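**Q** Take this structure first; my questions come after.
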Amino acid sequence: MSSKFQAIISSDSVVIDIVERHPNFPEIVQSVLTQIVKQKNLDQLREYGGVEGLASSLKTNLKHGINGDVEDISRRNEAFGSNTYPRPLGKKLFDFVLEALREPTSLIVLACAAVSLGLEIKQHGLKEGWYDGGSIFVTVFVVTAISAIVKFRQNRRFVKLSKVSNNIKVDVLRNGGEQKVSRSEIVVGDVVCLNNGDQVPTDGLFIGGHSLLVDESSMIAETNPVEVDLSHNHNNPFLFSDTKVTSGNGRMLVTSVGMNTTRGEIITISIDSNEHTPLKYKLNKLTSLIGKVVLSVAFLVQVILLIRYFTGNRKDMNGNGEYNGSKTIAYDILNSVFDIIAAPVTILVDAIQGGLPVAVTLSLAHSMKRMMSDHAMVGKLSACETMGFATTICTDKTGTLTLNQMKVTTFWLGQDCIEEKGISSVATSVVELLHHGIGLNTTGSVNMSASGFEFEFSGSPTEKAILSWAVSELNLDMEGLKQSGEILHVEVFNSTKKQSGVLMRNKEQNTINLHIKGGAEMVLAMCSNYYDVSGTIKVLDDDERKIFDGIIQGMAASSLRCIAFAHKQVPEEENEEGKNQIEGNFLTLLGLVGLMDACRPGVKEAVQEFQYEGVNVKMVTGDNIFTARAIATECGILKPNQDMESGAVVLGEQFRNYTPEERMEKVNNISVMARASPRDKLLMVQCLKQKDHVVAVIGDGTNDAPALKEADIGLSMGQGTEVAKECSDIVILDDSFGSVATVLRWGKCVCTNVQKFIQLQLTLTVATLAINFVVSVSTGEVPLSAVELVWVNLIINTSGALALATEKPTKELMGKPPVGRTKQLITNVMWRNLLSQALYQTAVLLTLQFKGEAIFKVSANVNDTLILNVLALCQVFNVIFLWKLENKNVFEGIHKNHLFLVIIGVTIAVQVVVVEFLKKVAGTERLNWWQWGVCVGFASVSWPIGWVVKWIPVPQKPFLLHPCHPPISHTSFAS
């Protein structure tokens, strides 16, 4: 390799770099390419001969691209690197453990466990005294470890998913043809084709194109799109990786890839685990409330026990009062006080709600895995749970409800439908104008296939459909057209104007013509004349305009997208410098085409399912109001008798011009918004959220990005633009609207499974808290030791969480209305069920505590074992009872969930081992068959009690009301 010295001079030093040059590219080095683009150095670019000079140094043909064979790609990778990034190491398992241990509740319980451990070791010695305090330590660490392991696995899964999502296909020119290659396969020297909605894959330089606007907000703070071109007015040919094309199209020369790009300097992998989702907010409120109640009870017990001691009501083993005023020595007082302080520590085990996050995490991980198998790639785990709360879905039309596979089915010229007369009846002059209006005013292209017998079309579905029709029906010759016409100025289609335009010079006639293409009613409003079939120009008066309006409405009512073509000849004097802009006035209408875009299979069924589940579906589209209404009716979003007067169908402009109060009043009633701009979509989402809806937005275009970002859940189609997918939480890989319904089902299933576990957890918490409080206050002793509570809380409830997390969506679940943002997580049905079970368990355990020895003629140790066994088995039977939250037949379908049955069986088996063989650790005594039968009998009574209780009606109004409005973390795009 040859080398060259480069001197970098600053005010106080001179740095000399030795730059190694690759033998295949001796005229340029990567550091120079990187510096030119990153620093937007126009002077240095000119030194190397501009874009053409750099392309020559990189051995790139700007019209045909690079050679692109294996050897060429290999040489470029060797010289300039590959377009890949070394991924930073994800969080280690230990990092997740530390995060969980920093929770306030865990820190409080650990501190109490440390106190208990010290006191017990002092009183009973190390051999016997470590059980209670040590078991609490074990509980906290095991719960922490379970949560950390699941989150660690999620982290690794996200890394894998990011690899899949980054496998984006990009259009490049190689060996004279357009190819799709993976983003990671792009090399320096490639010519990349950019279109509206694309993400710029690397750093590079603009070669050519039309009205290319790029959003550089991902790289700099500037939010306004930047115009990229080589003109004197905007000499800015620099393009940066990961910026987004918001308008126009163009081609770029790749100058840097991988770590040499601007993205390479700042690339990170971030996983947001601190989102304030509705479920997380409500769970945090619940666990915080439980913790406060448990701490208050523990403090109250401590106060009562201290009062009992110092008033002489606490007795020793001989029945004498432990405190006798001045007769009691200080050492005995200190020991007794320490015992009293240590006793409520056991109650604090109830504050360890470790099962709740474990249950949520298990349900989310399980549903996320199942969603992947159902063609939904989840980018954010929180989206699984939030989807279950969704009350409203706002969906785009094209590419979402429809296939986005356009085909021209109708052509009107003047007031004649050409299908009836044939294209041969159209005047040659009109056909020639249509050639220019279609072939030059387009972002698509026409190429001959490799076989040489058929044409290949590229571009948006609309562009491809029109070009295909023009080539087959109008005999459009793109190559000849480009030779006969010179493009002077282009204004590409944007979602605000709903039109595109081109100013061109006809070389043969030496005339300048303006061609406009766009939404039919908008283009028609700009026209003052029209062509008939014979080529005669006629005046477009009010009567004629009504006829054309009827034609457009007729096509729209047939679910056709109506596109109009118009033109006018521009005098030479108006084309002086500074006057060659696209101005649509006094145009002559060339013709109207109707494009059919069929609904996706299964859309109507999916919409019906959403409506059955209580979720409102709203269609927000840029199409005209008649097409939008026809498609919405076909999909079932609108009923046949709904019309504009009912307020179900509005225009974006209408909605935009409402006062804030009117928008809030009308937004719930709107089912279809037509001619909607990105701003209108965003405004609707914001209004719905202010009305306490949990909003999901489905879209696939760049214009959907603001609404996708603002929504509680953003969903995009796999064939959508990269901008839309980047702003989404979930990507529907199979582009099926039915898969959105699947996502909703799994989201609701997660919420229901969590509700089941909350009922299980609260039943145990209420029962153990009640018995510990009553017994400790009345006798001064805590009946359930820390080890016992640890066992029931950790093993029984964690296995219960695992069992309940595996439940699949059911028909009964689908008929339930969504929880939404304002409804209580704990419903009246749940309060009824859990209070009945908790009261029963409390009654049984208190009976055993005070009368068990006398009733069953057993020792105190055996009676304590009976209490533990009944408590544990009650939770197992309660898990089965919770299999169906509201159904009276709790066994329906249980035999089909083998994993659930296995978990229940293993839990019972482990309980037997604890009672029969772990006497030293758990402090249990072995039970005989009759005693086991008594325990199972007590536990099984929970089933008939639950069955009877389910017949008791409950009011709709929640028993307990508390604020449940979670903060919304999405950034607002509204100005």
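**Q** Restricting the search to region 717-733, which residues are touching a Leu at 6+ places or on another chain (Cβ under 6 Å) and open to solvent by 10 Å² or more (accessible area, probe 1.4 Å)?
**A** Matches in region 717-733: GLY718, CYS727, SER728.
**Q** Is it fair to say GLY422 is at pLDDT below 85 and open to solvent by 10 Å² or more (accessible area, probe 1.4 Å)?
**A** Spelling it out, GLY422 is indeed at pLDDT below 85 and open to solvent by 10 Å² or more (accessible area, probe 1.4 Å).
**Q** Name the pairs: first residue in region 664-692 and among the small types (Gly, Ala, Ser), second residue open to solvent by 20 Å² or more (accessible area, probe 1.4 Å) and not in a loop (DSSP other than H, G, I, E, B), Cβ to Cβ under 6 Å, at least 6 apart or on different chains?
**A** Here the result reads ALA674/LEU651, each pair linking region 664-692 to a residue that is open to solvent by 20 Å² or more (accessible area, probe 1.4 Å) and not in a loop (DSSP other than H, G, I, E, B).
**Q** Looking at region 883-902, is at least one residue surrounded by 19 or more Cβ atoms within 10 Å (Cβ to Cβ), touching a helix residue (DSSP H, G or I) at 6+ places or on another chain (Cβ under 8 Å), without any contact (Cβ under 8 Å) to a residue 24 or more places away in the chain and assigned to a helix (DSSP H, G or I)?
**A** Checking region 883-902: not a single residue is surrounded by 19 or more Cβ atoms within 10 Å (Cβ to Cβ), touching a helix residue (DSSP H, G or I) at 6+ places or on another chain (Cβ under 8 Å), without any contact (Cβ under 8 Å) to a residue 24 or more places away in the chain and assigned to a helix (DSSP H, G or I).
**Q** GLY652 - would you say it is on the phi < 0 side of the Ramachandran plot and either without any contact (Cβ under 8 Å) to a residue 40 or more places away in the chain or in contact with a Leu (Cβ under 7 Å, 6 or more places away or on another chain) (or both)? Even if it seems obvious, please write down each step before you answer.
**A** Values: on the phi < 0 side of the Ramachandran plot: yes; either without any contact (Cβ under 8 Å) to a residue 40 or more places away in the chain or in contact with a Leu (Cβ under 7 Å, 6 or more places away or on another chain) (or both): yes.
For GLY652, the condition - on the phi < 0 side of the Ramachandran plot and either without any contact (Cβ under 8 Å) to a residue 40 or more places away in the chain or in contact with a Leu (Cβ under 7 Å, 6 or more places away or on another chain) (or both) - is met.
**Q** So which of VAL743, VAL723, VAL766, VAL775 is touching a strand residue (DSSP E or B) at 6+ places or on another chain (Cβ under 7 Å) and modelled with pLDDT of 80 or more?
**A** None of the other options fit; the residue is VAL743.
**Q** Scan region 302-322 and give yes if some residue there is at pLDDT below 75, surrounded by 15 or more Cβ atoms within 10 Å (Cβ to Cβ) and among the basic types (Lys, Arg), otherwise no.
**A** Yes, region 302-322 has at least one match.
**Q** Taking the criterion of being within 30 Å of GLY699 (Cα to Cα), in contact with a helix residue (DSSP H, G or I) (Cβ under 6 Å, 6 or more places away or on another chain), modelled with pLDDT of 90 or more and open to solvent by less than 40 Å² (accessible area, probe 1.4 Å), would at least one residue in region 472-483 satisfy it?
**A** Checking region 472-483: not a single residue is within 30 Å of GLY699 (Cα to Cα), in contact with a helix residue (DSSP H, G or I) (Cβ under 6 Å, 6 or more places away or on another chain), modelled with pLDDT of 90 or more and open to solvent by less than 40 Å² (accessible area, probe 1.4 Å).
**Q** Taking the conditions exactly as written (at pLDDT 75 or above, within 30 Å of LYS748 (Cα to Cα) and part of a helix (DSSP H, G or I)), does THR386 satisfy them or not?
**A** The answer is yes for THR386.
**Q** I've got another one for you. Within region 551-577, work out how many residues are modelled with pLDDT under 90 and more than 46 Å from the chain's Cα centre (by Cα).
**A** Residues flagged as modelled with pLDDT under 90 and more than 46 Å from the chain's Cα centre (by Cα) within region 551-577 amount to 9.
**Q** Assess whether HIS276 counts as being modelled with pLDDT under 75 and over 25 Å from the mean Cα position of the chain (by Cα).
**A** When the stated conditions are applied, HIS276 does not pass them.
**Q** Taking into account only those residues within region 384-407 that are open to solvent by 20 Å² or more (accessible area, probe 1.4 Å) and of a type in the set (A, V, I, L, M), which is farthest from ILE670 (Cα to Cα)?
**A** Selected residue: MET406.
**Q** OK, next. Looking only at region 35-69, count how many residues are surrounded by 20 or more Cβ atoms within 10 Å (Cβ to Cβ), of a type in the set (Ser, Thr, Tyr) and in contact with a helix residue (DSSP H, G or I) (Cβ under 7 Å, 6 or more places away or on another chain).
**A** Summing the residues that are surrounded by 20 or more Cβ atoms within 10 Å (Cβ to Cβ), of a type in the set (Ser, Thr, Tyr) and in contact with a helix residue (DSSP H, G or I) (Cβ under 7 Å, 6 or more places away or on another chain) in region 35-69 gives 0.
**Q** Also, I was wondering about something else. In region 696-716, what residues are touching a His at 6+ places or on another chain (Cβ under 8 Å) and either buried (at least 24 other Cβ atoms within 10 Å of the Cβ) or within 15 Å of THR398 (Cα to Cα) (or both)?
**A** Correct list: GLU710, ALA711, ASP712.
**Q** Please state which one of VAL695, VAL667 is under 17 Å from ALA711 (Cα atoms) and touching a strand residue (DSSP E or B) at 6+ places or on another chain (Cβ under 8 Å).
**A** Being under 17 Å from ALA711 (Cα atoms) and touching a strand residue (DSSP E or B) at 6+ places or on another chain (Cβ under 8 Å) holds for just one of VAL695, VAL667, which is VAL695.
**Q** Just checking, does region 780-787 include any residue being assigned to a helix (DSSP H, G or I), at pLDDT below 85 and over 30 Å from THR392 (Cα atoms)?
**A** yes
**Q** Now, a different point. Quick one: how many residues across region 420-441 are within 26 Å of GLN499 (Cβ to Cβ) and either without any contact (Cβ under 8 Å) to a residue 40 or more places away in the chain or of a type in the set (Lys, Arg) (or both)? If you could, list the steps in order and put the result at the bottom.
**A** Residues of region 420-441 within 26 Å of GLN499 (Cβ to Cβ): 423, 426-427, 429-441.
Right, trim to either without any contact (Cβ under 8 Å) to a residue 40 or more places away in the chain or of a type in the set (Lys, Arg) (or both) and you get 432.
Residues that pass the stated criteria total 1.
**Q** Looking at region 612-626, is at least one residue part of a helix (DSSP H, G or I) and without any contact (Cβ under 8 Å) to a residue 24 or more places away in the chain?
**A** Taking region 612-626 and keeping what is part of a helix (DSSP H, G or I), we get 612, 625-626.
Now restrict to residues that are without any contact (Cβ under 8 Å) to a residue 24 or more places away in the chain: none.
Checked region 612-626: no residue is part of a helix (DSSP H, G or I) and without any contact (Cβ under 8 Å) to a residue 24 or more places away in the chain.
**Q** Something else about it: Considering only residues that are surrounded by fewer than 20 Cβ atoms within 10 Å (Cβ to Cβ) and touching a residue at least 60 places away in the same chain (Cβ under 8 Å), which ones fall in region 859-876?
**A** Within region 859-876, SER859, ASN861, VAL862 meet the criteria.
**Q** How about region 628-695: which helices (runs of 4 or more DSSP H) wholly inside it have at least 1 residues that are modelled with pLDDT of 90 or more, open to solvent by 10 Å² or more (accessible area, probe 1.4 Å) and within 13 Å of LYS618 (Cβ to Cβ)?
**A** The qualifying helices (runs of 4 or more DSSP H) are 660-666, 678-690.
**Q** Here's something else I'd like to know. Can you find a residue in region 725-733 that is hydrophobic (A, V, I, L, M, F, W, C), outside any helix (DSSP H, G or I), within 14 Å of LEU401 (Cα to Cα) and in contact with an Asp or Glu (Cβ under 6 Å, 6 or more places away or on another chain)?
**A** The answer is no; no qualifying residue exists.
**Q** I need a count of the residues in region 383-420 that are closer than 30 Å to LYS689 by Cα and among the β-branched types (Val, Ile, Thr).
**A** Residues meeting the conditions: 8.
**Q** Restricting attention to region 514-536, which residues are open to solvent by 30 Å² or more (accessible area, probe 1.4 Å) and touching a helix residue (DSSP H, G or I) at 6+ places or on another chain (Cβ under 7 Å)? If you could, list the steps in order and put the result at the bottom.
**A** Pass one, region 514-536, residues open to solvent by 30 Å² or more (accessible area, probe 1.4 Å): 521-522, 525-526, 528-529, 534, 536.
Result: GLU521, single match.
The values are calculated or read from the model by the stated rules, or taken from the named source; none is laboratory data. Quantities reported herein were computed from a predicted structural model and do not represent experimental measurements. Backbone-built Cβ (ideal geometry, glycine too); neighbour counts: all protein chains shown. When the accessible area is computed, the model is the full protein with side chains, heavy atoms only, and any ligands, DNA or RNA have been set aside. Shrake-Rupley method; radii C 1.70, N 1.55, O 1.52, S 1.80 Å.
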